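Reviewing the structure listed below.
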Amino acid sequence: MSQKLSRSTMVLLTIAPLMWAGNAVTGKLVHDLISPAALNFVRWALAFLLLLPFAWRALRPSSPLWPHWRRYSLLGLLGVGCYNVLQYLALGTSTPLNVTLVGASTPVCMLIIGALFFGVPARREQIVGAVLSIIGVVLVLCRGSLTQLFSLHLVIGDLYMVFAVISWSLYSWLLVRTREPEGIRSDWSAFLIAQMIFGLGWSSAFAGVEWAIGAHEILWSWKLAGAIAFICIGPAIIAYRCWSLGVQQAGPVVAGFFINLTPLFAAVLSLALLGEAPHLYHAAAFVLIVAGIVISSRR
């Protein structure tokens, strides 16, 4: 698998974390209005309806999707179901600082899973890149002060995010280590809806469990409607399309380093919403994260 980054690949892998940063901020803003599993189900149900006019042929009985239903069921579980529900749960039970810090372990998790399950040993450049990127993320999260980092306290939300990172890492490796059937491979909307159709099943199951335990209140408002409209178009359709293409072109390990741009984008979005000016440590973190990406992608 090629590790060389083209400009178009870099753009694809940058759009995804930008959208996901917006997803994290939005999920935090509406946490008191809708439960995590319900938000995830509504998000993907609307995204499915938006994509259906473009990809309905992939769901026909004669579609090559159905002989490969096990693969897409697993992708739907890991990428559509588990990862998003766990992230929304983490945002509700932990602080954004802790959640993003745990998410910064994604490149390391990518390297470990690749070595253990897919026979892809980590190269020296990738290890160095992982260290630089994580240092950059930590610099943002602790706002340039180590005292804030040492004052962090782990809660159940951080454990949710650990499982989310594992789920996303497995999902990304499966994107490139298993082949798409003819008819799905060349059509991005068919590929995405193939995951959605099974992911919706998993998401509805998680929402059903949430309903059974009583956590099902939804407080509808224009704020919630606008948030759902954004996350079902941007983080769901656009980001997943860009991520899938980027992973297939650059490989899951190199792509994993781009996820570390997410907390940086989240910090910038939060600062913009609060009307605060960026600080010097944001620029330093950006340099470290980009350096990690460049070093890890070298042959």
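The values are calculated or read from the model by the stated rules, or taken from the named source; none is laboratory data. No experiment lies behind these values; they were computed from the predicted model shown. Heads up, the Cβs are rebuilt from the backbone with ideal geometry, glycines too, and the neighbour counts pull from every protein chain shown.
Total residues in the stretch 32-89 satisfying the condition of being of a type outside the set (Val, Ile, Thr) and within 17 Å of the chain's Cα centre (by Cα): the figure is 22.
Those helices (runs of 4 or more DSSP H) of the stretch 106-178 in which 2 or more residues are surrounded by 14 or more Cβ atoms within 10 Å (Cβ to Cβ) and either aliphatic (A, V, I, L, M) or modelled with pLDDT under 80 (or both) occupy 106-117, 124-141, 156-177. Out of Ile184, Ile259, Ile197, one residue alone is under 19 Å from Leu75 (Cβ atoms) and at pLDDT 85 or above. It is Ile197.
Scoring Gly199 on the criteria (1) part of a helix (DSSP H, G or I); (2) surrounded by fewer than 20 Cβ atoms within 10 Å (Cβ to Cβ); (3) not basic (Lys, Arg) leaves a single failure, condition (2).
Residue count for the stretch 31-62 under the criterion of being surrounded by fewer than 18 Cβ atoms within 10 Å (Cβ to Cβ) and farther than 30 Å from Gly214 by Cβ: the result is 10.
Here is a yes/no grid of residues against (1) in a helix (DSSP H, G or I); (2) closer than 25 Å to Ala229 by Cβ:
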| position | (1), (2) |
| --- | --- |
| Leu5 | no, no |
| Leu12 | yes, yes |
| Met19 | yes, yes |
| Asn23 | yes, yes |
| Asp32 | no, yes |
| Val42 | yes, yes |
| Ala55 | yes, yes |
| Arg71 | yes, no |
